[in-house]
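The values are calculated or read from the model by the stated rules, or taken from the named source; none is laboratory data. Owing to the predicted nature of the structure, the values given are computational and were not obtained by experimental measurement. Heads up, the Cβs are rebuilt from the backbone with ideal geometry, glycines too, and the neighbour counts pull from every protein chain shown. These area figures cover heavy atoms from the full protein model, side chains too; ligands, DNA and RNA do not enter into them. Shrake-Rupley method; radii C 1.70, N 1.55, O 1.52, S 1.80 Å.
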Amino acid sequence: LDLAIDATVPEDASLLIVPSPQASLLPEEVEKLRRYMNDSNGRMITLIDPARRHGMDELFFDWGVLVEDTAVIDTGTDFRAQGGDLIIRRFAEHPITQLLIDYQITTLFGQPRSVRVDPTSANDSRLQVYQLIGTSDQSWAERDYRTQNPAAFNPKRDQKGPVSIATVSSRNSGTELGITIPGGRMVVFGNSDFIANNRLRAFGNHTLLINSINWSLDRSSLLNIPTRRLESYQ
């Protein structure tokens, strides 16, 4: 789907996935996404890496999500792999993560950015926004990651851990003629590396991705079924 060319999101689109945009979306592209999500009760999964300008702040504001320009640093020894990746052990109870919690499965992330609930979302009673994944107590969201080397925690500027790196949002569309109208759903991750080739098979990464898709599409019956082992992948 090329939003710069296509006039609208196709009517038969069940779900949009925006994986790691490398440049800021144009205002007209963002407006097409906002219409799809707000007017059509759309479903969307977005993965935003640190140091990438995405241009979707207004869209995320509509859904009570705050994607901040930070890089999350985690110094917890039990939360870092030998290669420097983050081992994620902290999950909020939610249909997407319940299987990981029940079986005590971790996930492996590259460096993420903070993604948390926008405090102003409390003003919209139709929205339900939850922080899904968190880092360790020894982590922080570094705002000066572009200029500071090595990174050091600044209590006046940085956000102390645990830091939220994924958020889910859903909107209640109410009922009409006694029929409940399904509302839109959005999942925002502050990292895309966890679904890249070298990490997709690691720990619970594949399960986290598939559960995010199933929850977005209201496939609740599939959420508690472990995903099949990956024999090959690209």
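Give, as residue ranges, the strands (runs of 3 or more DSSP E) completely inside region 86-184 that count at least 1 residues that are within 24 Å of residue 222 (Cβ to Cβ) and not hydrophobic (A, V, I, L, M, F, W, C).
107-109, 127-134, 164-171
Which members of region 38-61 meet the condition of being out of contact with any strand residue (DSSP E or B) (no Cβ under 6 Å at 6 or more places or on another chain) and surrounded by 18 or more Cβ atoms within 10 Å (Cβ to Cβ)?
Residues satisfying the conditions are 42, 49, 54, 56, 59.
Return the total of residues in region 21-37 being open to solvent by 20 Å² or more (accessible area, probe 1.4 Å) and either among the β-branched types (Val, Ile, Thr) or under 30 Å from residue 141 (Cα atoms) (or both).
Count: 9.
Cβ-Cβ distance below 6 Å, separation of 6 or more or different chains: which pairs start in region 25-48 with a residue that is touching a residue at least 40 places away in the same chain (Cβ under 8 Å) and closer than 15 Å to residue 3 by Cβ and end on one that is surrounded by 17 or more Cβ atoms within 10 Å (Cβ to Cβ) and of a type in the set (Gly, Ala, Ser)?
So the pair list comes out as 37/184; 42/184.
Would region 119-132 turn up any residue that is under 16 Å from the mean Cα position of the chain (by Cα), modelled with pLDDT of 90 or more and open to solvent by less than 10 Å² (accessible area, probe 1.4 Å)?
Among the residues of region 119-132, at least one is under 16 Å from the mean Cα position of the chain (by Cα), modelled with pLDDT of 90 or more and open to solvent by less than 10 Å² (accessible area, probe 1.4 Å), which makes the answer yes.
Residue 213 - would you say it is in a helix (DSSP H, G or I), in contact with a strand residue (DSSP E or B) (Cβ under 8 Å, 6 or more places away or on another chain) and either modelled with pLDDT of 90 or more or closer than 15 Å to residue 17 by Cβ (or both)?
So residue 213 fits the description; yes.
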